[in-house]
């Protein structure tokens with residue numbers, strides 16, 4: 001037994017001791033042999049603690065499991081079975097690896113790739129990795145929020161660019177941090193009431209990226225144009241009249257509480273940007289040259305990172321599972337029922353090209369922003385019925401950072417796989433999480449979903465045969481459909 005597995009065995013022994021001291025019926029999921037299919041290859045180049053033994057994901061109601069790693073918000077096995085009953089579930093017919101919220105941390109991104117079993121590290125460098133046999137058979141879904149928080153935005157983008165060049169089946173989904181950056185760069189100097197605030201809306205979190213761009217591209221550029229701080233504010237900060245004009249301009253399109261919150265945020269963020277620029281060794285007026293360079297890097301067809309927003313899409317679907325950054329509302333659900341995920345992605349692409357404000361603040365934006373709060377667009381009975389017509393019964397997403405790996409929830413009456421596992425360095429420091437982070441959720445075509453996290457001692461295995469008794473593999477469903485169509489009526 002390895003030292004790592006031995007630690008997990010000790011943890012399980014302690015968990016059993018705790019449960020035996022409790023009152024009432026107790027169920028501890030039996031240990032399962034280490035998965036031969038999960039091999040973390042080359043992880044010694046970027047060490048992280050990842051589990052190697054499995055446990056059943058979701059506990060029965062009759063069981064009481066005591067342990068600091070257990071999440072009391074998860075539903076019981078019976079609750080999920082009741083939700084699943086009678087639904088014609090279709091399981092993905094190919095291996096799908098979901099990674100989300102890496103937040104500008106290239107090391108965390110590489111560790112997450114290794115956690116999927118789809119990538120092998122071959123050395124210490126950012127480009128020292130390759131696809132495994134499993135990786136060549138997989139779909140990698142990057143679930144949004146590549147920017148902000150972490151140690152280096154540019155380093156992550158270059159690592160991701162190299163990954164693309166290896167030829168994986170890669171889907172890059174939109175996150176709220178990603179689209180906020182796009183809006184802030186594209187509309188930085190616009191003066192319409194709906195757009196005048198979008199640079200300030202970026203807030204202090206994006207200043208780390210701007211500092212990176214300044215240091216690498218602007219600092220030694222003799223042609224860089226700097227402004228005085230007052231000139232910069234006059235060009236990029238919202239005019240005082242905006243605070244009255246904005247609510248009037250968008251009234252009726254966004255819930256009133258959300259409008260009030262947006263105005264308050266802009267007041268707060270206006271001061272934060274200048275303070276963060278000073279902290280990072282920049283004057284506010286220097287950001288003029290930085291923004292011009294960002295336009296070139298991200299928005300110009302020849303820019304180094306133009307591919308990122310160009311390839312970005314909103315949603316990916318496999319079987320009964322919808323992969324997005326956050327969730328859906330009733331309008332997005334209706335779109336899925338009427339036009340499928342292709343229709344929703346087309347809507348996203350049209351708005352990305354022609355109306356970024358509507359993209360960010362409307363139902364499409366809700367897909368990468370919602371937390372199902374009162375200020376978010378509604379998701380109720382009509383939305384659930386629309387998803388059912390579309391054949392979608394579960395949503396896989398990030399967006400809400402968790403501290404113990406992925407979890408399953410029933411949110412807005414829908415089965416959710418929540419996967420923002422707080423893997424980036426700065427989030428981990430803020431949340432008090434020890435050591436480097438890594439996490440991934442892998443859907444295996446034989447009917448299991450496996451969640452790996454550096455903050456949970458076991459690989460959590462969602463077995464569709466036990467939990468979704470009516471599930472069918474997508475490939476089998478397609479073959480059956482083709483056979484039926486071939487019969488002459």
Inter-label distance for residue 219 and residue 85, nm, one decimal - labels placed 7 Å from Cα along Cα-to-Cβ: 6.4
When the convex hull of its Cα atoms is projected in every direction, mean area for region 252-343 (nm²): 9.6
With 5 Å bins from 0: P(r) over region 334-473, alpha-carbon pairs, percent: 2, 9, 14, 17, 17, 18, 13, 8, 2, 0
By average C-beta atoms within 10 angstrom, highest first, the peptides 136-149, 270-283, 117-130: 136-149, 117-130, 270-283
Degrees separating the helix 256-279 axis from the principal Cα axis of the chain, which is the longest one: 70
C-alpha long axis of helix 381-390 to longest principal axis of the chain, angle in °: 70
Counting DSSP beta bridges with both ends in the chain, the antiparallel % (nearest 5): 50
Virtual spin-label span in nm between residue 465 and residue 278, 7 Å along Cα→Cβ: 6.4
Potential lengthening between residue 338 and residue 295 on full extension [0.36 nm per residue; Cα-Cα distance subtracted]: 11.9 nm
Sequence ranges 221-233, 47-59, ranked by mean other-Cβ count within 10 angstrom, highest first: 47-59, 221-233
Using a Förster distance of 25 Å, the FRET efficiency for residue 76-residue 378 (Cβ separation, nearest 0.05): 0.40
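Find how much the distance from residue 263 to residue 165 grows on full extension, using 0.36 nm per residue of separation minus their present alpha carbon separation; answer in nm with one decimal.
This chain segment gains 31.1 nm when fully extended.
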Theoretical FRET efficiency, 1/(1+(r/R0)^6), r = Cβ-Cβ of residue 429 and residue 244, R0 35 Å, to 0.05: 0.30
Two-decimal ratio, the chain, of alpha-carbon radius of gyration to 2.2 N^0.38 Å: 1.02
Rotationally averaged projected area of region 93-214 (alpha carbon convex hull; nm²): 8.5
Shape call, region 84-133: gyration tensor on alpha carbons, a/c limit 1.5: oblate
Shape box of region 294-348 [Cα atoms, principal axes, largest first, Å]: 38, 19, 17
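What order do you get for 238-247, 309-318, 328-337, 177-186 when each peptide is scored by the mean count of other beta carbon atoms within 10 Å, highest first?
Those peptides, ordered most packed to least, come out 328-337, 177-186, 309-318, 238-247.
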For region 276-405: rounded, prolate or oblate by the Cα gyration tensor [a/c cutoff 1.5]: prolate
Projected area, mean over directions - region 179-305, Cα convex hull, nm²: 8.0
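Readers should treat all values here as calculations from the given coordinates under stated rules, not as data from a laboratory. Remember, predicted model here, so these are calculated numbers, not experimental data. In this analysis, Cβ positions are derived from the backbone assuming ideal geometry, glycine residues included, and neighbour counts consider all displayed protein chains.
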